[in-house]
4 protein chains.
Amino acid sequence: MTSPLPVLLPHVPELQVERWFKTDAPLSLDLLRGKVVALHAFQMLCPACVAHGLPQAQRMHALFGGRGLQVIGLHTVFEHHEVMEEAQALQAFVHEYGISFPVAADKPQGRIPTTMRALELQGTPSLLLVDKQGRLRMHQFGRVDDMVAGAAIGELLQEPEDDCSADGCRVNR
Amino acid sequence: MTSPLPVLLPHVPELQVERWFKTDAPLSLDLLRGKVVALHAFQMLCPACVAHGLPQAQRMHALFGGRGLQVIGLHTVFEHHEVMEEAQALQAFVHEYGISFPVAADKPQGRIPTTMRALELQGTPSLLLVDKQGRLRMHQFGRVDDMVAGAAIGELLQEPEDDCSADGCRVNR
Amino acid sequence: MTSPLPVLLPHVPELQVERWFKTDAPLSLDLLRGKVVALHAFQMLCPACVAHGLPQAQRMHALFGGRGLQVIGLHTVFEHHEVMEEAQALQAFVHEYGISFPVAADKPQGRIPTTMRALELQGTPSLLLVDKQGRLRMHQFGRVDDMVAGAAIGELLQEPEDDCSADGCRVNR
Amino acid sequence: MTSPLPVLLPHVPELQVERWFKTDAPLSLDLLRGKVVALHAFQMLCPACVAHGLPQAQRMHALFGGRGLQVIGLHTVFEHHEVMEEAQALQAFVHEYGISFPVAADKPQGRIPTTMRALELQGTPSLLLVDKQGRLRMHQFGRVDDMVAGAAIGELLQEPEDDCSADGCRVNR
């Protein structure tokens, strides 16, 4: 059976981050190679993010955080910049919503912030899944069904870290 | 990363069926080797089955039925036999609830029906996942979280059908 | 402010019941004069009844049963008569779903049972509210919003039992 | 039957408002005498307010706004003042969440704002119902069941605006 998750991009542009929350050290997709990464793009004043996206990200983190999945929240402000770009506001939000996974404030750059622009996000919430080899495997805007998200994560966690075949193992960079 | 789904049984006892619904031909775990099988044990008078188990089975069928998953409903009557063992009652139930995957009436045998006894089910609803090699990989009584169920299915769908290694491919029987 | 609940019928046809469950003595709308009555018409093989109507009726009973509301379930079989008209089946259903308010099996009469016919029900689930004076004040087929149902009950519970004015009190019969 | 909603306070302290949103003219409980008022106290960074309280207030407004109920949101900042006291932040919040009823920013006064202090609110979300005579009839902190809220509103909408008896009509001031 062929994999239902195609490779959308062989290489995902690196996160460009203004400030991190809920992590001692900055993260990068490069350093996370070998893990599956779930990137949740959100805005704190986005109702669907608060109602669906972030609670789903929390469940992902709780269920699969110890089994090879790294959940990252990406705060991509493209509206109400004067309100949401305040680091103090995001810090209060992260605290009040009890978010327990690392959250990155996307680096501002005009109306659309840097990482959001590089990842070509359509809006918030968006869920991106990056496989162990650093390839983009899911890129979905809007509400994602829990069973669909779970299946994608289960599949990616199950994939080998390297491409090995009878001809040898290809290094993925 | 080791698989999070251990092998609970290397071989699952075959279904013992009184009557099938929603299928032209009887199914068997043996014939389904190569597919992942989700077995939903239910009773039509079990509130949690109606509220959670069966709708979840329907979603599984809709999402993964075309991608290598075979969903089977197993009607395991261990209460109110005089009411629920009526084939007419189960047929009406399957019709009214719009169930679109195959449903098997477990073969009666005293209080606990045959397959339920062989599979050592604790009650209804129960979800069992059988992998492509016919091994039992999940056996859960009660409500199962959608994301957990999805991850298990994603993982099993992604597994190879055969155990191949440098030493050759072992046939699974 | 005029009442938002118009009088739909000045007198509701009496219940015609084959058999009662969960009550020591038969009930009648006539004997319940002075109370508000919530009549939930359902069929045990009706998915929307099981998912929405009956749980809502249970909440009504729990919240307002001690404050002047009498909830009655009316089993109106108009499909699969051979399965659902079995008293044993309804008894098992009432038991398994933990229904704690009185349930009446509507008196069979051809395809559409007697009370269902007299009340001109469109189908199941249906919610009917009868006020303290025995008048029909709500008659709704399908899902009813909890807040709407609550407001109607609150309004009817608050109404006086008799029509009293400066001219005297009119007896309602 | 005695009313299930006791009079908690014969007179509710007037709202002390820093700024109004979604209304052309400021409102006051005094001017709203004759209407039932549902006061929803919230904070924009309060998860339960966003998940339950505000959507419930929206439903109240949609269902009963044209039938004698005035819904008012009261933004009572007692945490993260530096973030939530920004009028710009509240304006953006009201816009993004599509709130269509009047919202008042409570007048700041140290840690606990003025109206919140006067109404002795325990926290957010809180729901207060004021009857047509300006009396406090419900004061509940935390999540309120839709059916309970509906029943209270139905009862209060049904109450007469004035206390009239055989002895005459008492003016309520």
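The values are calculated or read from the model by the stated rules, or taken from the named source; none is laboratory data. Note that the structure is predicted; figures quoted are calculated from it, not measured. Every residue, glycine as well, gets a Cβ built from its backbone with ideal geometry; the counts of neighbours run over all protein chains shown.
When residues in the stretch A:1-25 are screened for being touching a residue at least 60 places away in the same chain (Cβ under 8 Å), part of a loop (DSSP other than H, G, I, E, B) and not charged (D, E, K, R), 13 of them pass. Based on this model, can you work out whether C:Glu161 counts as in contact with a Gly (Cβ under 8 Å, 6 or more places away or on another chain), within 14 Å of chain D (Cβ to nearest Cβ) and surrounded by fewer than 20 Cβ atoms within 10 Å (Cβ to Cβ)? Against the criterion (in contact with a Gly (Cβ under 8 Å, 6 or more places away or on another chain), within 14 Å of chain D (Cβ to nearest Cβ) and surrounded by fewer than 20 Cβ atoms within 10 Å (Cβ to Cβ)), C:Glu161 qualifies. In the stretch C:41-58, the residue that is nearest to the other protein chains (Cβ to nearest Cβ) out of those that are farther than 23 Å from C:Lys132 by Cβ and not in a helix (DSSP H, G or I) is C:Leu45.
Of all residues in the stretch A:85-94 being more than 8 Å from chain D (Cβ to nearest Cβ) and not small (Gly, Ala, Ser), which is nearest to D:Ala48 (Cα to Cα)? Among them, the one singled out is A:Val94. Every listed requirement among (1) without any contact (Cβ under 8 Å) to a residue 12 or more places away in the chain; (2) over 25 Å from D:Asp24 (Cβ atoms) is met by D:Leu121 save one, (1). Restricting attention to the stretch C:128-158, the residues being more than 28 Å from C:Gln16 (Cβ to Cβ) and surrounded by fewer than 17 Cβ atoms within 10 Å (Cβ to Cβ) number 1.
Might you let me know whether the stretch D:59-70 holds any residue that is outside any loop (DSSP other than H, G, I, E, B), away from every other protein chain (no Cβ under 14 Å) and within 16 Å of the chain's Cα centre (by Cα)? Checking the stretch D:59-70: not a single residue is outside any loop (DSSP other than H, G, I, E, B), away from every other protein chain (no Cβ under 14 Å) and within 16 Å of the chain's Cα centre (by Cα).
Would you check if there is a residue in the stretch A:57-74 being under 29 Å from B:Val144 (Cα atoms), of a type in the set (D, E, K, R) and touching a Gly at 6+ places or on another chain (Cβ under 8 Å)? No, the conditions are met nowhere in the stretch A:57-74. Report whether or not B:Pro4 is within 13 Å of another protein chain (Cβ to nearest Cβ) and under 26 Å from B:Pro160 (Cβ atoms). So B:Pro4 passes the test.
Within the stretch A:82-110, the set of residues being in contact (Cβ under 8 Å) with a residue 12 or more places away in the chain and farther than 17 Å from D:Met44 by Cα comprises A:Ser100, A:Phe101, A:Pro102, A:Val103, A:Ala104, A:Ala105, A:Asp106, A:Lys107, A:Pro108. Please indicate, with yes or no, whether at least one residue in the stretch D:29-43 is surrounded by fewer than 20 Cβ atoms within 10 Å (Cβ to Cβ) and farther than 21 Å from D:Thr115 by Cα. So far as the stretch D:29-43 goes, yes, one or more of its residues are surrounded by fewer than 20 Cβ atoms within 10 Å (Cβ to Cβ) and farther than 21 Å from D:Thr115 by Cα. With respect to (1) away from every other protein chain (no Cβ under 14 Å); (2) of a type outside the set (Lys, Arg); (3) under 12 Å from the mean Cα position of the chain (by Cα); (4) crowded, with 18+ Cβ neighbours inside 10 Å, the lone exception for A:Glu14 is condition (4).
Within the stretch C:26-60, can you find the residues that are among the aliphatic types (A, V, I, L, M) and without any contact (Cβ under 8 Å) to a residue 40 or more places away in the chain? First the steps, then the outcome.
Of the residues in the stretch C:26-60, the ones among the aliphatic types (A, V, I, L, M) are C:27, C:29, C:31-32, C:36-39, C:41, C:44-45, C:48, C:50-51, C:54, C:57, C:60.
Result: C:Leu31, C:Leu45, C:Ala51.
How about the stretch A:53-95: which of its residues are touching a Pro at 6+ places or on another chain (Cβ under 9 Å), under 27 Å from D:His81 (Cβ atoms) and of a type in the set (S, T, N, Q)? Matches in the stretch A:53-95: A:Thr76 only. All conditions but one from (1) buried (at least 22 other Cβ atoms within 10 Å of the Cβ); (2) farther than 30 Å from D:Glu161 by Cβ; (3) of a type outside the set (A, V, I, L, M, F, W, C) apply to D:Pro125; the one that does not is (2). Those residues that are hydrophobic (A, V, I, L, M, F, W, C) and more than 30 Å from C:Ala89 (Cα to Cα), I need them from the stretch C:105-163; list them, please. If the condition is that a residue be hydrophobic (A, V, I, L, M, F, W, C) and more than 30 Å from C:Ala89 (Cα to Cα), then C:Leu136, C:Met147, C:Val148, C:Ala151, C:Ala152, C:Ile153, C:Leu156, C:Leu157 are the ones that fit. Of A:Ile99, A:Ile153, all but one fail to be within 14 Å of chain B (Cβ to nearest Cβ) and within 26 Å of D:Ala51 (Cβ to Cβ); the exception is A:Ile153. Being in contact with a Ser or Thr (Cβ under 7 Å, 6 or more places away or on another chain), more than 14 Å from chain A (Cβ to nearest Cβ), modelled with pLDDT of 95 or more and within 24 Å of B:Ala25 (Cα to Cα) is the requirement here; does B:Pro113 meet it? Yes: the conditions hold for B:Pro113.
Among the residues of the stretch B:125-150, those identified as of a type outside the set (A, V, I, L, M, F, W, C) and away from every other protein chain (no Cβ under 11 Å) are B:Pro125, B:Ser126, B:Asp131, B:Gln133, B:Gly134, B:Arg135, B:Arg137, B:His139, B:Gln140, B:Gly142, B:Arg143. Across the stretch C:68-107, the qualifying residues are those that are at pLDDT 95 or above and charged (D, E, K, R), and the one among them that is surrounded by the most Cβ atoms within 10 Å (Cβ to Cβ) is C:Asp106.
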